[in-house]
Structure formats: structure tokens, C-alpha cells
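The values are calculated or read from the model by the stated rules, or taken from the named source; none is laboratory data. Owing to the predicted nature of the structure, the values given are computational and were not obtained by experimental measurement. Here Cβ is always computed from backbone atoms with ideal geometry, including for glycine, and neighbour counts include all displayed protein chains. Note: accessible area is taken over every heavy atom of the protein model, side chains too, but ligands, DNA and RNA are not part of it. Shrake-Rupley method; radii C 1.70, N 1.55, O 1.52, S 1.80 Å.
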Amino acid sequence: QIFLLALPEILLASALQMVIASFTRSFKEAQTYLSFLPLVIGLGWAPQDPHLAQELLALDESPIPPSMASRLARALKQWPAVGSTSWNDSLSKGLDSIPEEDRRRRVSERLGVIFSASANTDEFPASELDRRLTALETWAKGKANAPDNGAARWDCLLQQLASFRKLSQATGMASLARPLVEKLIKAATAQASQPPVHVAQAGIGSVAEPGAILAPVRRVVWWNFTERSAPSVDHSMLTPEEKAALEALGCEFPEPAVQAAQFSRAWRRPVQMASDSVLLVCPRFGADGEPEAPHPLWDEITSRLSSEQTARLTRDLPPSVATNREVPGLALPKPRLEWHVDPGVAIRPPDRLSPSSLELLLGNPLYWVLQYRGNLSSGASEALPEGPILLGRVSHEIAGGLLAGCVNKPLLDPDQAALLAGRRFDENGPAMAADLFMPGRESERARLRSIVTRAVRDLFAHLHEAGASVSAVEEGFEATIDGVGLTGRPDIVLSHPDIVLDMKWGRADDRRKELEEGGALQLSIYVALLKRPHSIGYYITSRQRLLVAGSRSFDSVRIEGPTPGEVWDAARVALVGRLEQFGRGIVEDTCALTGGATPPKRSALVEGRLVIAPKPDWSPYGFISGGLEQS
């Protein structure tokens, strides 16, 4: 329903369209700015929530310079924790990339405040809150004062910060509990007025409350003219005795009747100050789907009019505004087995292929082209690693670190290694997987700690029993094999017996099939890079199970399958086929769900050629292959 007073319909339509479009832009902008305070304060609680850091880094405009935000976002995807080794390296490199010394110092100081854990208990020191407010305020004022930066659009943030400072200081507390901090943030945000829908120079200005219209204007458009938007009279929850005691101390309590009269006088001002016309807009339904009723001012207006006069003033939204406009959507790519590129576009692999890159190239050329040649990614909004992927990284990092300390040295005793693993988990875990150290994750954290310590003890016991020594851990190797440039970092390289091990979290049956059927491409590439025969195997961390092919020196699950050399030869044949397709401008999508075709379930050697099973569930491009239709 639309309630209006003497406003021509054509003017109504144009006014609404201008207000809707401008309000949408201003609202989105204001919501971004008003999110800075809760995010910056939220990052002050220890342990620091990596998801809050990701939200801050993903904003189009924030206290984090864009070039540094992208670096830090990538670091979070590697290790979802503020303060990880990757995070600190990215922070240092980002600061070094700022040429101006004065700006580099200011950015360093601001980020040092924002990303520090200021509250190590359930209480946030007031001094640290003030420090964060000052850092945000200084940055916001600098942005507002910059030429051509639109000073008015920063007003809502500066109002919010000023309100929060006033409220927190009014508590008189040296430290504030978390619920109180959250309540003050909410109150300060409520007090911040939205930025103008249009700047005043354009002929349209906006105010936060109807009572703020202090001078005559030609026309007034009152958006959201609803009963729910009207302020309510506060009713004291105090007993008469409590109220009397507080009044004796000097507290004043406004009478409800006086408050109601003040509200009524304030919301009459739009009608009293408009010299030409007033537009009062009330939607039929609110955002929650419930019916909306007009503002109480409407009752005051209609009480002075006859029913015929009221009917003439009430109209529906003009069709030119109310009609839904159909915007044709862009068609999603349809699945196809082969994509064709312009003959003038040459798709060439890089000089050096990593095992994971080569595996994707053989498994799904389309996904490889999009990722490695097209440089497509989900950006800062990509979900942080979690679940088995994150658990596997944590266990791999801890076990790998202990093994790295044994390179060309005596092995640690299994019990001693397990003890050190538990200690490193407790000390370094928050900088690797902060989520697991958040409140409420105690049982998951304890379970992972137990798995890591047991896996380290079991792995070192296997090495002791076989008399093996550690030759390399995560060491980089490069070589050109059969004309193909390769680079890789094997997890663990052992000597006596010579074996290359890859640590995996789960899917023991799948890994066993890879060794049996020749699908262990990455391990085979590592052996090729080492340029001498090695057996290969997987250590399944979650199950404490060792799978080995080609060696009987370990007390492990022994598997018979193709040798690493045979796997590499088959991979080279498959690579030649893929590159020949590229030369003809053909990019195959092995995951395309067309004509009843289904991708292979497992990687294996097929007639002398390596067939890699693609993993559409692990790729952000699955919708191109019909993955959304399938789900």
C-alpha cells in the first residue's frame, strides 16, 4: 500500500525509482563501513577467529591495503590462523612492498593493532579497546579528508566509533566482559545514522528521523512509513521502591505520557514543514514476511478527514514502479566433452610442472586451463580449509617437522617423538588451525591431538624396525625427465631401504588401489626426480597404517603393482596426448555429464596410458561439467 498527500503520479514514480536505487547503494556502503568495528574488536579476542580475519580481508574497502589483503587471504587459505608462519611472511613481504617509508610505518602500526590478540581472557581491557578505536578512527578520518573520496560517506563509521568510545568510557570499567562489549557495539551501531541517499547538492537530502526536519522543504518522501518504525515508549522495569531510591540519588525518569507527546510532535514535522507535498510509503509486508501497518501518524491524519478524503489519498504503487522487470540472465555454460579455443591461442604448459599440476592436466584439461593458464580462483571469499584437509595438514606439519630434525641424524625414540608431537601440537596448533582451539572445540582438539601423537609414535616405530634413515623431508627437487620439466617436494625420502613416502589423512582403500593399479602419479614423479630406484608408499595418518609397494623391509601392508618407472612412462604417453589436443585447439572436460558419460572412478594404467580420475568435488569449476544439475 502507498499512502500519499497531493503528489502527482509521474513525480511519485520518478521519486521512488531514484530513492530505491540510491538507497540500495548507500545501504550496502554503510553496512560495509559499520562492519569494521565489530570485526576489528572481534579479532582482539584470543584465540583469534580466522573467519573474522577473512571477512575483513574480503571487503572491497577496509583498513587493510588491497595488495596486503590479497596476500594475507592467501596465507589464511594455507593455514587458517592469524599469526601462522605463512601469515607472518605475507605480512612482512606486504609491508616491504610499500615504497613510502611514512606510509609503511603507518600501515605497520595499524595492522599491528588490528591483528594483535589484546584480550586473553573473557575481559577486554578498556585501554586496548581504545587503542583499536584510535587506529580505526585515524584511518577513517584520513580517508574522509582525502580529496575526491566523498567525506560524507564516512560519517556513519565515525559516528559509530565516537558512540562506542563514549559508551565504553561511561562504564568506568578497566576491562569489559564479552557480552557487554557486544552490547555496546550494537548500541553504537544503532546510533550511527545511514549516509545520505543523495548528497544535498543534488537536490535531495536525507535525515535519520522525521523530527530532524528543522526547516521548510518543498517535498518529503517518508520511506518505511510503518508502525514498527515508530519509537515505543519505554516502560521502567523497576519497582516503585527502586525508582524512588534512584530518584533520591538524582536520576530522572521521563513520564510515559511526556515521552509519547514528544514522539508525536517529532513525527508531525514532515507534514508541517513540507510546502508542496508529502509521500508516505508503507510496504504491504515487512522483511520477515509479516503484514505491515501504517505509522501512527497516519491515524492522526485520517482522524481529521472523512472516509472519502482518506480514500482519495490512498493509492497503490504506480505500475511503472511496481511492475517486476525481467532481466535476462546469462546462460550457464552447458556441459560438453570438448571445448574449442581460437586457433591463434596457444596453450602451453610451464617450463616446470609440479606433480599436482600434471595430475590435474591429465585428469581434467579444462580445469587445468582455467586454473593454471586462466589464473581463475575463488578469491578471498573461498572457504578456509577445514575437515580432513585441515586435519591432514596439521598432522603432516607436526610429523614432518620432527622427521626433518632427523635428516642424516639418528632417529628419535618413538615415545620421545610422540611426546614432542603432543608438545608441538599444543604450542603451534593455534597458529595452524585456530578454529580447533576456539571455545567449544575441546573434544575435536583432543581427538586430533591423540591421533597425531599415536601416528608419530607408530611411524617412528616403523622406521626403527626397518633400520631406515631420513634423507629428505619436503626438500625441493627439479629435473628434466624425457624432455618434461618437473619440480616437486616429496614428503619423506628414506634411505636403507630407499623409499618415498607420502603422508595422507584418510581414504586408505583408495590409496591402496592407486598403488595396485598404477595411479600413484605424484610418488612416481618424486622417484623420477631422485634419479635412482625407490619404492613408494603412503602413510595413512588417521589409521596409523603404512602401505608400501616394492619393498619388504617394513612391517606394513605390502602391495604389488606397477613400478614408478612404468607409471611415469604411462604418464608421459598421456601427456603427449593432452598436448596434441591442445595443439588442435581442443580442451577436454573429462567430468562433463553428457550423453551418459561418467568420469573414471580410479586412476590406473590402461593399455600403457595413465588415466587419472578427476575430482570434480574438489574443484570450483564443477558447475561447468554439470555438477550442479547432478546434485
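Residues of region 585-631 being modelled with pLDDT under 85, closer than 18 Å to Tyr372 by Cβ and in a loop (DSSP other than H, G, I, E, B), which ones?
Hits for region 585-631 are Lys615, Ser619, Pro620, Tyr621.
Name every residue in region 254-287 that is acidic (Asp, Glu) and either at pLDDT 85 or above or surrounded by 10 or more Cβ atoms within 10 Å (Cβ to Cβ) (or both), in order of residue number.
Step one: of region 254-287, the residues acidic (Asp, Glu) are 255, 276.
Asp276 - this is the single residue of region 254-287 that is acidic (Asp, Glu) and either at pLDDT 85 or above or surrounded by 10 or more Cβ atoms within 10 Å (Cβ to Cβ) (or both).
Only one of these conditions is not met by Val82: (1) assigned to a loop (DSSP other than H, G, I, E, B); (2) open to solvent by 30 Å² or more (accessible area, probe 1.4 Å). Which number is it?
Every condition holds for Val82 apart from (2).
Among (1) outside any helix (DSSP H, G or I); (2) within 30 Å of Arg578 (Cα to Cα); (3) among the hydrophobic types (A, V, I, L, M, F, W, C), where does Leu362 come up short?
Tallying (1) outside any helix (DSSP H, G or I); (2) within 30 Å of Arg578 (Cα to Cα); (3) among the hydrophobic types (A, V, I, L, M, F, W, C), Leu362 fails exactly one: (1).
Quick one: in region 486-519, which of the residues that are in contact with a Pro (Cβ under 8 Å, 6 or more places away or on another chain) and of a type in the set (Gly, Ala, Ser) is surrounded by the fewest Cβ atoms within 10 Å (Cβ to Cβ)?
Of everything passing the filter in region 486-519, Gly506 is surrounded by the fewest Cβ atoms within 10 Å (Cβ to Cβ).
Could you tell me whether Ser377 is part of a loop (DSSP other than H, G, I, E, B), among the polar types (S, T, N, Q) and touching a residue at least 24 places away in the same chain (Cβ under 8 Å)? Please lay out each step first, then the result.
Numbers: part of a loop (DSSP other than H, G, I, E, B): yes; among the polar types (S, T, N, Q): yes; touching a residue at least 24 places away in the same chain (Cβ under 8 Å): yes.
Yes; evaluated as a whole, the condition is true for this residue.
Collect the residues in region 361-374 that are free of Cβ contacts under 8 Å to residues at least 24 places away in the same chain and more than 25 Å from the chain's Cα centre (by Cα), keeping them in residue-number order.
None; the set is empty.
Could you check region 315-351 and list, in sequence order, the residues that are at pLDDT 80 or above, open to solvent by 90 Å² or more (accessible area, probe 1.4 Å) and farther than 24 Å from Phe623 by Cβ?
Those that are at pLDDT 80 or above, open to solvent by 90 Å² or more (accessible area, probe 1.4 Å) and farther than 24 Å from Phe623 by Cβ: Arg348, Asp351.
For region 460-488, how many residues meet the condition of being of a type in the set (Ser, Thr, Tyr) and assigned to a loop (DSSP other than H, G, I, E, B)?
As a first pass, look at region 460-488 and keep what is of a type in the set (Ser, Thr, Tyr): 469, 471, 480, 487.
Narrowing further to those that are assigned to a loop (DSSP other than H, G, I, E, B): none.
Looking only at that region, the number is 0.
When region 515-564 is examined, which residues are found to be among the β-branched types (Val, Ile, Thr), part of a loop (DSSP other than H, G, I, E, B) and within 34 Å of the chain's Cα centre (by Cα)? So that I can check it myself, show each step before the final result.
Within region 515-564, the first condition is being among the β-branched types (Val, Ile, Thr), and the residues that meet it are 525, 527, 536, 540-541, 548, 557, 559, 563.
Okay, now just the ones that are also part of a loop (DSSP other than H, G, I, E, B), so 541, 563.
Within region 515-564, Thr541 is the sole residue that qualifies.
So the check is Cβ under 9 Å with 6+ separation or different chains; which pairs have a first residue in region 329-355 that's closer than 22 Å to Gly577 by Cβ and a second one that's surrounded by fewer than 10 Cβ atoms within 10 Å (Cβ to Cβ) and modelled with pLDDT under 85?
Pairs that qualify, where the first residue is closer than 22 Å to Gly577 by Cβ and the partner is surrounded by fewer than 10 Cβ atoms within 10 Å (Cβ to Cβ) and modelled with pLDDT under 85, are Leu337/Gly595.
Just checking, does region 389-403 include any residue being in contact (Cβ under 8 Å) with a residue 12 or more places away in the chain and assigned to a loop (DSSP other than H, G, I, E, B)?
Pass one, region 389-403, residues in contact (Cβ under 8 Å) with a residue 12 or more places away in the chain: 389-403.
Restricting the remaining residues to those that are assigned to a loop (DSSP other than H, G, I, E, B) gives none.
No, region 389-403 contains no residue that is in contact (Cβ under 8 Å) with a residue 12 or more places away in the chain and assigned to a loop (DSSP other than H, G, I, E, B).
Pairs only if they're at least six apart or on different chains, beta carbon under 6 angstrom, first in region 95-116 and in contact (Cβ under 8 Å) with a residue 12 or more places away in the chain, second open to solvent by 40 Å² or more (accessible area, probe 1.4 Å); list them, first residue then second.
Every condition considered, the pairs that remain are Leu95/Arg104; Leu95/Ser108; Ile98/Arg104; Val113/Arg131.
Tell me yes or no: at least one residue of region 432-449 is touching a Lys or Arg at 6+ places or on another chain (Cβ under 9 Å) and either open to solvent by 60 Å² or more (accessible area, probe 1.4 Å) or over 22 Å from Thr85 (Cβ atoms) (or both).
Looking for residues that are touching a Lys or Arg at 6+ places or on another chain (Cβ under 9 Å) and either open to solvent by 60 Å² or more (accessible area, probe 1.4 Å) or over 22 Å from Thr85 (Cβ atoms) (or both), one finds none in region 432-449, hence no.
So, in region 531-555, of the ones that are open to solvent by 20 Å² or more (accessible area, probe 1.4 Å) and touching a strand residue (DSSP E or B) at 6+ places or on another chain (Cβ under 9 Å), which residue ends up farthest from Val456 (Cα to Cα)?
So the first thing to find is which residues in region 531-555 are open to solvent by 20 Å² or more (accessible area, probe 1.4 Å), and the list is 531-533, 542-545, 550, 552-553, 555.
From what's left, touching a strand residue (DSSP E or B) at 6+ places or on another chain (Cβ under 9 Å): 531, 542, 545, 550, 552-553, 555.
Working: Lys531: 29, Ser542: 11, Arg545: 11, Gly550: 23, Arg552: 21, Ser553: 19, Asp555: 16 Å.
Filtering first and then ranking leaves Lys531.
All but one of (1) in contact with a Ser or Thr (Cβ under 7 Å, 6 or more places away or on another chain); (2) more than 27 Å from Pro600 (Cβ to Cβ); (3) surrounded by 16 or more Cβ atoms within 10 Å (Cβ to Cβ) hold for Val470, so report the exception by its number.
All conditions are met except number (1).
Could you please find all residues in region 205-253 being surrounded by 13 or more Cβ atoms within 10 Å (Cβ to Cβ) and hydroxyl-bearing (Ser, Thr, Tyr)?
Answer for region 205-253, where residues must be surrounded by 13 or more Cβ atoms within 10 Å (Cβ to Cβ) and hydroxyl-bearing (Ser, Thr, Tyr): Ser206, Thr226, Ser229.
Can we say Leu384 is surrounded by 16 or more Cβ atoms within 10 Å (Cβ to Cβ), outside any helix (DSSP H, G or I) and among the aliphatic types (A, V, I, L, M)? Walk me through how you get there before you give the answer.
Working: surrounded by 16 or more Cβ atoms within 10 Å (Cβ to Cβ): yes; outside any helix (DSSP H, G or I): yes; among the aliphatic types (A, V, I, L, M): yes.
Spelling it out, Leu384 is indeed surrounded by 16 or more Cβ atoms within 10 Å (Cβ to Cβ), outside any helix (DSSP H, G or I) and among the aliphatic types (A, V, I, L, M).
Would you confirm, using the coordinates I've provided, whether Ser175 is at pLDDT 90 or above, polar (S, T, N, Q) and in contact with a Pro (Cβ under 6 Å, 6 or more places away or on another chain)?
Values: at pLDDT 90 or above: yes; polar (S, T, N, Q): yes; in contact with a Pro (Cβ under 6 Å, 6 or more places away or on another chain): yes.
So Ser175 fits the description; yes.
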